[in-house]
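Chemist: Handing you a structure now.
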């Protein structure tokens with residue numbers, strides 16, 4: 001099954017939803033270390049209560065889950081060998097970009113250069129995957 005533009009864009013949206021919400025979830029769950037209960041069951045319940053009553057956590061969580069739903073539905077129209085690399089590698093890039101916008105440290109100027117080089121190589125690899133998949137649809141079927 002080859003890729004068309006619609007499913008590829010849906011996969012990029014999935015990556016944006018997954019990767020873009022990770023730094024927000026990390027930031028919103030920072031106060032979880034202050035929750036202390038005597039038993040593991042009470043600890044778990046208190047942590048869940050703390051997270052799900054926190055709208056700063058709940059909104060990115062719901063967006064992340066919408067990305068998972070979109071991924072599930074997009075898999076029906078997309079080749080799995082294309083869907084997985086697009087979503088997972090672009091999610092990392094979106095996480096890095098949103099984290100940087102939120103003021104997270106990516107490791108100084110030297111490591112930032114490596115991060116940019118990694119992003120460029122990742123996007124080039126994804127472009128090759130998409131191009132290869134699209135070119136398969138344009139080739140005539142083999143004659144037997």
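Chemist: Quick check, is residue 44 within 23 Å of residue 104 (Cβ to Cβ) and without any contact (Cβ under 8 Å) to a residue 60 or more places away in the chain? Give the derivation first.
Modeler: Working: within 23 Å of residue 104 (Cβ to Cβ): no; without any contact (Cβ under 8 Å) to a residue 60 or more places away in the chain: yes.
When the stated conditions are applied, residue 44 does not pass them.
Chemist: Would you confirm, using the coordinates I've provided, whether residue 71 is surrounded by 14 or more Cβ atoms within 10 Å (Cβ to Cβ), in contact with a helix residue (DSSP H, G or I) (Cβ under 6 Å, 6 or more places away or on another chain) and in contact (Cβ under 8 Å) with a residue 40 or more places away in the chain?
Modeler: Details: surrounded by 14 or more Cβ atoms within 10 Å (Cβ to Cβ): yes; in contact with a helix residue (DSSP H, G or I) (Cβ under 6 Å, 6 or more places away or on another chain): yes; in contact (Cβ under 8 Å) with a residue 40 or more places away in the chain: yes.
Yes.
Chemist: What's the number of the only condition in (1) surrounded by 13 or more Cβ atoms within 10 Å (Cβ to Cβ); (2) in contact with a helix residue (DSSP H, G or I) (Cβ under 9 Å, 6 or more places away or on another chain) that residue 46 fails to meet?
Modeler: (2)
Chemist: What are the pairs, 6+ residues apart or on separate chains, where a residue within the stretch 55-68 that is more than 21 Å from residue 10 (Cβ to Cβ) has its Cβ under 7 Å from a residue that is part of a helix (DSSP H, G or I) and at pLDDT below 95?
Modeler: Close Cβ pairs (under 7 Å, with a partner that is part of a helix (DSSP H, G or I) and at pLDDT below 95) amount to 56/28; 57/25; 57/28; 57/51; 58/52.
The values are calculated or read from the model by the stated rules, or taken from the named source; none is laboratory data. In this text the structure is predicted, and so the values were computed from the model without any measurement. Ideal geometry is used to build each Cβ from the backbone, glycine not excepted, and the neighbour counts take in all protein chains shown.
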